[in-house]
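Single-structure report; data block below.
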Amino acid sequence: MSIYEEFAHWLDDILENNEMPAETKAFCFNLYEESDEEHIYGVQIIAADSFDPEDKEGEWACDEVWSCGENIFTVDTSDEDDTGRTHAQELIKEMAEDYLRNGKYSGVLTEAKGVAIGFVDGDLDIIS
């Protein structure tokens with residue numbers, strides 16, 4: 001199974017089995033460094049009750065009304081030429097964008113005012 005298929009299965013399970021709060025305005029894929037090694041990254045998805053596409057720092061994403069909690073998807077970039085955060089964010093961003101185009105439950109995400117991705121201590125990329 002490809003990494004994208006694993007990612008899509010993870011998102012399918014979350015979006016199929018969790019009802020999003022009515023006040024959901026946007027979603028954010030939060031990225032984390034999962035270990036001391038620089039090639040394991042975690043992905044968490046949250047719903048927020050506000051959205052500001054001009055706010056690259058993502059203060060709106062702190063207005064969390066739902067989270068997948070400890071249901072974290074992990075990405076190991078050790079087999080990539082670049083194992084750094086920027087490259088990891090690009091890889092995960094590509095998977096998220098692909099899911100927004102083709103995912104089974106992409107409508108849950110695309111019906112929101114926005115979808116973003118970024119490390120919790122960094123700037124956000126608006127992807128929808």
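Observations
- Scanning segment 91-122 for residues that are in a loop (DSSP other than H, G, I, E, B) and either closer than 15 Å to Val43 by Cα or touching a helix residue (DSSP H, G or I) at 6+ places or on another chain (Cβ under 8 Å) (or both) yields Gly103, Lys104, Tyr105, Val120, Asp121, Gly122.
- Of all residues making up segment 94-126, the number that are over 22 Å from Asn18 (Cα atoms) and surrounded by 17 or more Cβ atoms within 10 Å (Cβ to Cβ): 5
- Residue among Ile14, Ile45 that alone is part of a helix (DSSP H, G or I), of a type in the set (A, V, I, L, M) and at negative phi: Ile14
- When residues of segment 74-91 are limited to those that are closer than 16 Å to Val120 by Cβ and of a type outside the set (A, V, I, L, M), the one nearest to the chain's Cα centre (by Cα): Gln89
- Inside segment 75-90, residues that are in a helix (DSSP H, G or I) and touching a residue at least 24 places away in the same chain (Cβ under 8 Å) make up a count of 3.
- With respect to the stated conditions, Glu54 fails to be farther than 16 Å from Asp125 by Cβ and open to solvent by 80 Å² or more (accessible area, probe 1.4 Å).
- Taken over segment 84-93, the criterion of being open to solvent by 20 Å² or more (accessible area, probe 1.4 Å) and under 15 Å from Thr74 (Cα atoms) is satisfied by Gly84, Arg85, His87, Gln89, Glu90, Leu91, Lys93.
The values are calculated or read from the model by the stated rules, or taken from the named source; none is laboratory data. These figures come from a predicted structure and were not determined experimentally. In this analysis, Cβ positions are derived from the backbone assuming ideal geometry, glycine residues included, and neighbour counts consider all displayed protein chains. The accessibility values were calculated without ligands, DNA or RNA, using every heavy atom of the protein model including side chains. Shrake-Rupley method; radii C 1.70, N 1.55, O 1.52, S 1.80 Å.
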